[in-house]
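Trainee: Supplied in structure tokens, the structure appears directly below.
The values are calculated or read from the model by the stated rules, or taken from the named source; none is laboratory data. Note that the structure is predicted; figures quoted are calculated from it, not measured. Neighbour counts run over all protein chains shown; Cβ positions are idealised from the backbone, glycine included. Note: accessible area is taken over every heavy atom of the protein model, side chains too, but ligands, DNA and RNA are not part of it. Shrake-Rupley method; radii C 1.70, N 1.55, O 1.52, S 1.80 Å.
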Amino acid sequence: MAIAAAISLPLTSPARRSLASFTSLRSSSPILKLNSVRGSVVLRTACLRVSAASSSMSVEAVEKASPASFLDRRETGFLHFVKYHGLGNDFILVDNRDSSEPKITPEQAAKLCDRNFGIGADGVIFALPGINGTDYTMRIYNSDGSEPEMCGNGVRCFARFIAELENLHGKQRFTVHTGAGLIVPEIQDDGKVKVDMGEPILKATDVPTGLPANKNQSVVKSDLDVDGVTWNVTCVSMGNPHCVTFGTKGGQNLQVDELKLAEIGPKFENHVVFPARTNTEFVQVFTPSHLKMRVWERGAGATLACGTGACAVVVAAVLEGRAERNCTVDLPGGPLQIEWREEDNHIYMTGPAEVVFYGSVPL
């Protein structure tokens, strides 16, 4: 069920916040508004009236609205957005088709992504005009304000967002320009999004990594010392850098649920052998077609899912002889289906993307 919300949150310090309003809706359903004014709370929904002296709470019927009417809003001074998630990897989507530059700064994006004082998200994604013959351009700011080349879960959310903006239904296909090159998402009949992620980049200097190549200019099952512990790693770029590990050298199969990710993740991300920092995937192999991973994302930390990471994991597993080319990859937020096709060397990712709510933020 898609729930929509209009949220008033200033992009200044939380101490200056005086009004927060939520509008919760399902398509063509009544709007639910929460307004906090001078300590009182007013909650409005259809066909109900409730009051409570201690909280000055009342419930009354209000007008109906739809996501389409919300997305058509053009008030100046406000940023309208839709929050989506792909297996729990959540993003603030902004209609930026009228400009080739994002409507907000990286600093504002970081404030919006704050889960205590902002909307809360792993990143802000902008739908911009296409360039070089593509339909659209996708840019993203991470929750720390940095800008990655691409995001796999994000591009699935992007495709669903475009379909909603353009009022498109059924099977749809787009060409999207990203910092990682051309990406082609396709909305399936069941609502899931299949994405042609292109070819993996394996040349060590292009990932990039300072680790010496040990297999056809690539880094495959190489030793990496992290805080005195030697890990076996394979380095892959999906347009953004990934370090994939199935465990420590000479160790047992990795049990990913036992990892202290917040401790070990930053040590990989900021390791000297990764000049652009890196995303890191820790992988457990169940069968040659079933893998489980946890991810520490560059610029975002631990997330519930990472689409490019799942693609990199299957590539690394194939290169290390651990898996087949078509795998289910379990992430904390749910499974993705990843296929690395031998005939064209492209990787195809299939998974869901869903609306969480609709919102507006004063700029």
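Trainee: Any residue in region 61-86 that is on the phi > 0 side of the Ramachandran plot and modelled with pLDDT of 75 or more sitting within a Cβ distance under 9 Å of a residue that is assigned to a strand (DSSP E or B) and open to solvent by 30 Å² or more (accessible area, probe 1.4 Å)? List the pairs, counting only those 6 or more apart or interchain.
Mentor: G77/P362
Trainee: Which ones in region 81-101 are crowded, with 19+ Cβ neighbours inside 10 Å and within 14 Å of A353 (Cβ to Cβ)?
Mentor: Within region 81-101, V82, K83, Y84, H85, G86, L87, N89, D90, F91, I92, L93 qualify.
Trainee: Next question, about the same structure. Any chance you could count how many residues in region 238-256 are open to solvent by less than 60 Å² (accessible area, probe 1.4 Å) and without any contact (Cβ under 8 Å) to a residue 60 or more places away in the chain? Before you say what the answer is, go through the steps one by one.
Mentor: Initial filter on region 238-256 (open to solvent by less than 60 Å² (accessible area, probe 1.4 Å)): 238-248, 251, 254, 256.
Pick out the ones that are also without any contact (Cβ under 8 Å) to a residue 60 or more places away in the chain and you get 241, 243, 245, 247-248, 251, 254, 256.
Number of matching residues: 8.
Trainee: Let me ask another. Tell me the strands (runs of 3 or more DSSP E) entirely within region 286-340 that contain at least 2 residues that are touching a Lys or Arg at 6+ places or on another chain (Cβ under 8 Å) and more than 20 Å from A204 (Cα to Cα). Let's see the steps before the verdict.
Mentor: On the way: elements: 290-297, 301-303, 326-331, 334-340.
So the answer is 326-331.
Trainee: Now for a separate question. Would you mention how many residues in region 257-273 are open to solvent by 20 Å² or more (accessible area, probe 1.4 Å) and assigned to a helix (DSSP H, G or I)? Full working, then the answer.
Mentor: Step one: list which residues in region 257-273 are open to solvent by 20 Å² or more (accessible area, probe 1.4 Å), which gives 257-260, 262-264, 266-267, 270-273.
Applying the additional criterion that residues be assigned to a helix (DSSP H, G or I) yields 257-258, 262-264, 266-267.
Within region 257-273, residues that are open to solvent by 20 Å² or more (accessible area, probe 1.4 Å) and assigned to a helix (DSSP H, G or I) number 7.
Trainee: Would you check if S289 is touching a residue at least 24 places away in the same chain (Cβ under 8 Å) and open to solvent by 30 Å² or more (accessible area, probe 1.4 Å)?
Mentor: Details: touching a residue at least 24 places away in the same chain (Cβ under 8 Å): yes; open to solvent by 30 Å² or more (accessible area, probe 1.4 Å): yes.
Answer is yes for this residue.
Trainee: Could I ask something else about it? Taking region 130-149 on its own, how many of its residues are open to solvent by 50 Å² or more (accessible area, probe 1.4 Å) and under 20 Å from Q172 (Cα atoms)? Before the answer, list the steps.
Mentor: Initial filter on region 130-149 (open to solvent by 50 Å² or more (accessible area, probe 1.4 Å)): 131-133, 135, 139, 144, 147, 149.
If we keep only those that are under 20 Å from Q172 (Cα atoms) as well, we get 131, 133, 135.
Residues in region 130-149 being open to solvent by 50 Å² or more (accessible area, probe 1.4 Å) and under 20 Å from Q172 (Cα atoms): 3 in total.
Trainee: From C311, C327, which residue is touching a residue at least 60 places away in the same chain (Cβ under 8 Å), touching a Phe, Trp or Tyr at 6+ places or on another chain (Cβ under 9 Å) and either crowded, with 18+ Cβ neighbours inside 10 Å or closer than 23 Å to N142 by Cβ (or both)?
Mentor: Numbers: C327 fails: touching a residue at least 60 places away in the same chain (Cβ under 8 Å).
On inspection, the qualifying residue turns out to be C311.
Trainee: Restricting attention to region 214-232, which residues are loosely packed, with under 12 Cβ neighbours inside 10 Å and either farther than 18 Å from E269 by Cα or of a type in the set (G, A, S) (or both)?
Mentor: Residues satisfying the conditions are N216, Q217, G228.
Trainee: Could you check how many residues of region 330-354 are under 16 Å from the mean Cα position of the chain (by Cα) and open to solvent by 60 Å² or more (accessible area, probe 1.4 Å)?
Mentor: Going through region 330-354 one residue at a time, the tally reaches 3.
Trainee: Still on this structure, please answer the following. Does region 102-124 contain at least one residue that is open to solvent by less than 30 Å² (accessible area, probe 1.4 Å), part of a strand (DSSP E or B) and more than 23 Å from C311 (Cβ to Cβ)?
Mentor: Within region 102-124, not a single residue is open to solvent by less than 30 Å² (accessible area, probe 1.4 Å), part of a strand (DSSP E or B) and more than 23 Å from C311 (Cβ to Cβ).
Trainee: Output the residue which, of all residues in region 156-172 that are without any contact (Cβ under 8 Å) to a residue 60 or more places away in the chain and within 15 Å of A127 (Cα to Cα), is surrounded by the fewest Cβ atoms within 10 Å (Cβ to Cβ). Quick ask: steps written out before the conclusion?
Mentor: Within region 156-172, the subset without any contact (Cβ under 8 Å) to a residue 60 or more places away in the chain is 162-163, 166, 168-172.
Right, trim to within 15 Å of A127 (Cα to Cα) and you get 162-163, 166.
Details: I162: 22, A163: 19, E166: 13.
Taking the candidates together, the pick is E166.
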